[in-house]
1. May I ask you to compute the full-extension gain from Ser97 to Arg73, defined as 0.36 nm times their residue separation minus their alpha-carbon distance, rounded to one decimal in nm?
2. So how strong a dipole does the chain carry about its Cα centre when Lys and Arg Cβ are +1 and Asp and Glu Cβ are -1, to the nearest 20 debye?
3. Using alpha carbons only, how many degrees (0 to 90, rounded to 10) separate the axis of helix 135-145 from the longest principal axis of the chain?
4. Using Cα springs under 10 Å in a Gaussian network model of the chain, which residue among Phe23, Phe82, Phe139 shows the largest mean-square fluctuation?
5. Beyond a 24 Å Cα-Cα separation, which of these cross-linked pairs lie in this structure: Lys5/Lys136; Lys37/Lys143; Lys115/Lys150; Lys2/Lys201?
6. Provide the per-residue ³J(HN,Hα) series for the range 114-124, in order, calculated from phi with Karplus coefficients 6.51, -1.76, 1.60 and θ = phi - 60°, each as a whole number of Hz, with x at glycine and proline positions.
7. Cut-off 10 angstrom, C-alpha nodes, Gaussian network model of the chain. Which of Ala41, Ala117, Ala131 fluctuates the most?
8. Any chance you could list P(r) for the range 119-167, counting all Cα-Cα pairs in 10 angstrom bins from zero, rounded to whole %?
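What follows draws every value from the coordinates through simple rules; no lab data is involved. Just so it is clear, the model here is predicted, and its values are computed rather than measured. We place every Cβ from the backbone using ideal geometry, glycine too, and count neighbours over all the protein chains shown.
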Amino acid sequence: MKARKYNKEGVFLSEVELPSALFETGISQGAIYDAVKAENANLRQGTHSTKDRSEVRGGGKKPWAQKGTGRARQGSIRAPHFVGGGIIHGPKPRDYSSNLSRSVKRKAVLSILNKKAEENRISIIEDVEPASYSTKSIFNILKKMEIAEKGNVGFVVAGENQFLKKSTRNIENLKYVNSKRIVCRDILYNNNLVISESALKELLSQYSKKQG
C-alpha cells in the first residue's frame, strides 16, 4: 500500500510505500466493533439516578379513607402512579466501564489503519515541531495538503507537543492524536489521517506483527 508524503510545510514530495508490518494485516470488523463499543462505554459517567417510592419525600399519610369515598383505595400519594411519585425500575448509578484485551485493541488499531489505507485516506508528513503557538501556520499546512476540505482530519503525532497541540485546538474538524495513546474512536471517526514520520515509527514499534 502507498500513501502521499509531504514535507513539514505541506508540500507534496512523493508517494511512499507503507510498512507491511502495519498495513498488510487485514481488517477485522469484529475487533473494531468491540474496541469502539468499549471506548464508548468507558465514556459513560453512569451518574443517572431516580428515586423509588421509598426515597420520595412525603406521602406518609393515607390520602383518604379506605372505604366510603367511592374512590379506589390508596396508601400513599408517592406511589408510582401518582404525579410526583416514585419511579419503577428507574436507572441507578452504575459503572459502565469495559475492559479490552491488548490483543483485541491491537487488532482494532491495525484494522482501522488498514481500512484507511485501502481507502487512500492516509498521508505521511515530516515531523512538524513548532517553536511557538500558531494556529494559522498549522492551518496553512493542511491547506497546502488540500486535505482540510475532505472532512474530518486526525493529526497523528508522536508524544505531546504542547505548541502543536494547542495550535490545532481551534481548527475545525481537526483532531490531535497522540500515537503513544491511540484511541480507536479518534482514528476511525476522522475521514483522513495525517501521520507524522515519528508517529509512524511509534505505531510500527507498538503494533507491528512482531509485537503480537
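1. Taking 0.36 nm per residue and subtracting the Cα distance, the gain is 4.2 nm.
2. In total the dipole reaches around 1720 debye.
3. Between the helix axis and the principal axis of the chain, the angle is about 60 degrees.
4. Phe82
5. Over 24 Å apart, Cα to Cα: Lys37/Lys143.
6. 5, 5, 5, 5, 4, 8, 6, 10, 10, 10, 10
7. Comparing Ala41, Ala117, Ala131 in the GNM, the peak value goes to Ala131.
8. That works out to 22, 58, 19, 1, in percent per bin.
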